[in-house]
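Here's the structure, in structure tokens; my notes come after.
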Amino acid sequence: MRDQKTPAELLVGLDVTDDAAVYLVAPDTAIVETLDFFPPIVDDAYASGAIGAANAMSDVYAMGGEVLFALNIAAWPEDAPLAQLERIFQGATDKVGEAGGVIAGGHTVLDREPKYGLAVTGRVHPEHMLLKSRLRAGDALWLTKSIGTGVLTTAHKNGALDAADLASAIASMVALNRAPAQAAVDAELHAATDVTGFSLAGHAYEMAERSSVGVRIRASLVPLLPGARRHAESGISFGGLERNRSYFDDGVKVRFEGVDDALRTLLLDPQTSGGLLVGVPPAHAGAWQRACAAKGVLSVEVGEVIAGNAGVIVVS
């Protein structure tokens, strides 16, 4: 596909990969396009729809955009109750409505395993895009959600998660990244990504590699969801976590120094609908904190950008 002719209007595509594709349609307007879908990770159908929608829309916010409309993408077993699928659709419809958008259609196919997500269309001002490639040495790194959803939802699948910890994980996953994105644009920031399946450490590496800088994360500052450390300490293991370990934890892409095994697991834990990881230059620190306060965004400074080879160092 990289051999295809790329129009100049395609600002972000396969040649300049990021969280979503961006296509210029007017001097002050670009379309943001993304899609995401996956099997349910919680039992409640309404929550599954809301999580799937929030996760899919997050890529638009990671680019600094706003959601316009979305299309359902669903796969459903022939013998499964349609009422459950309707609840998934309703959870997603309500979440897209919360984002100021609308679901305008979609497509459903038969499959042995249920899956749900959205194709999302948004808009962004081309001069206000947030990109992975715009970190600079001296920037502070801020995170807008606690981590641990992969560990916690796996514990839930194993029947080992209590109701309170499940509720807090769901509340985090259904929370939109709209307000953090608006705060970043208001503060005139330019570098961000959303933390999803590649983990906090993995997505930080993506930003470091695209920006040709180093990143230092202070593990003790990273906020954790309730119960996440306890389940990480149990030695929990699952496919997404092991793939992240295999690819990122090689001492080059990501290097851990003095970090205990539980935090190491959580820094490599694949997230669903995680928060934004935002680069904040020193001159914009005050504006970022004021914008977060105005939007009700709870953000935590978790690291900094340093000069040097592209890679992530995680220290205690």
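The values are calculated or read from the model by the stated rules, or taken from the named source; none is laboratory data. Note that this is a predicted model, so its numbers are computed, not measured. We place every Cβ from the backbone using ideal geometry, glycine too, and count neighbours over all the protein chains shown. Keep in mind that these areas ignore ligands, DNA and RNA; they rest on the heavy atoms of the full protein, side chains included. Shrake-Rupley method; radii C 1.70, N 1.55, O 1.52, S 1.80 Å.
Each residue of region 170-179 in order: what ³J(HN,Hα) in whole Hz does its phi give by Karplus 6.51 cos²θ - 1.76 cosθ + 1.60, θ = phi - 60°, with x for Gly and Pro?
Computed from phi, the couplings for region 170-179 are 4, 4, 5, 5, 8, 6, 6, 8, 5, 5 Hz.
Taking a threshold of 27 Å on the Cα-Cα distance, which of the pairs Lys157/Lys295; Lys5/Lys145; Lys95/Lys145; Lys95/Lys115; Lys132/Lys253; Lys115/Lys157 fall above it? Each step should come with its number before you reach the end.
On the way: Lys157/Lys295 34 Å; Lys5/Lys145 39 Å; Lys95/Lys145 18 Å; Lys95/Lys115 17 Å; Lys132/Lys253 16 Å; Lys115/Lys157 16 Å.
Going by Cα-Cα distance, Lys157/Lys295; Lys5/Lys145 fall outside the 27 Å limit.
Which net charge results when you count Lys and Arg as +1 and Asp and Glu as -1 among the other residues whose beta-carbon is under 14 Å from that of Leu85?
Details: positive: Arg87, Lys115; negative: Asp44, Glu78, Asp79, Glu86, Asp111, Glu113.
Once positives and negatives cancel, what remains is -4.
Could you report the chain's accessible area per residue, 1.4 Å probe, as an integer in Å²? Before the final figure, lay out the partial values.
Values: 13630 Å² over 316 residues.
About 43 Å² of surface per residue is accessible.
Taking the alpha carbon gyration tensor of region 156-206, what are the square roots of 5 times its eigenvalues, largest first, to the nearest whole Å?
On the way: eigenvalues 162, 51, 7 Å².
Ellipsoid half-lengths, sorted descending, are 28, 16, 6 Å.
Do me a favour and compute the ellipsoid semi-axes for the chain from its Cα gyration tensor, root of five times each eigenvalue, largest one first, whole Å.
On the way: eigenvalues 159, 134, 64 Å².
Equivalent ellipsoid of the chain: 28, 26, 18 Å, largest first.
Over all pairs of distinct alpha carbons, what does the Kirkwood formula give as the hydrodynamic radius of region 67-172, in Å? Provide the component values of the computation, followed by the final result.
Working: mean 1/r = 0.0583 Å⁻¹.
The Cα-based Kirkwood calculation yields 17.1 Å.
Sticking with the crude label model, points 7 Å out along Cα→Cβ, report the distance from Ala171 to Tyr23 in nm, one decimal please.
The two pseudo-label positions are separated by 4.0 nm.
Under 5 Å between amide hydrogens, which residues at least 5 positions from Lys145 or on another chain qualify, with H placed 1.01 Å from N in the peptide plane?
Hits under the 5 Å cutoff: Gly275, Leu276.
With runs of 4+ DSSP H residues as the only contributors, calculate the mean residue ellipticity of the chain at 222 nm using -39,500 (n - 2.57) per run, divided by the residue total and rounded to the nearest 500. Could you put the intermediate results ahead of the total?
Working: 10 runs with 112 residues, N = 316.
Using -39500 (n - 2.57) per qualifying helix, the result is -11000 deg cm²/dmol.
Along each principal axis of its Cα atoms, how long is region 237-316 end to end? Whole angstroms, biggest number first, please.
39, 30, 19
Can you give the relative contact order of the chain as a percent, counting alpha carbon pairs under 8 Å and 6+ residues apart? Could the numbers behind the result be given before it?
Working: 761 pairs, mean separation 74.2, N = 316.
RCO, the chain: 23 percent.
Quick one: which residues, 5+ away or cross-chain, put their amide H under 5 Å from the amide H of Val12? H built at 1.01 Å from N.
Those lying under 5 Å, H to H, from Val12 are Val22.
How much of the accessible area of the chain, probe 1.4 Å, is carbon plus sulfur, in whole percent?
On the way: 7260 of 13630 Å².
Roughly 53 percent of what the probe reaches on the chain is carbon or sulfur.
Less than 15 Å Cβ to Cβ from Ala293, Lys/Arg counted +1 and Asp/Glu -1: what total charge do the surrounding residues give?
0
Within 11 Å, Cβ to Cβ, of Ile147, how many net charges do the neighbouring residues add up to if Lys/Arg are +1 and Asp/Glu are -1?
Numbers: positive: Lys145, Arg229; negative: Asp269.
So the surrounding residues net to +1.
Provide the per-residue ³J(HN,Hα) series for region 49-55, in order, calculated from phi with Karplus coefficients 6.51, -1.76, 1.60 and θ = phi - 60°, each as a whole number of Hz, with x at glycine and proline positions.
Calculated HN-Hα couplings, in order: x, 5, 5, x, 5, 4, 5 Hz.
Given H placed on each backbone N at 1.01 Å, which residues far from Gly106 in sequence or on other chains put an amide H within less than 5 Å of it?
The list, which skips near neighbours in sequence, is Asn72.
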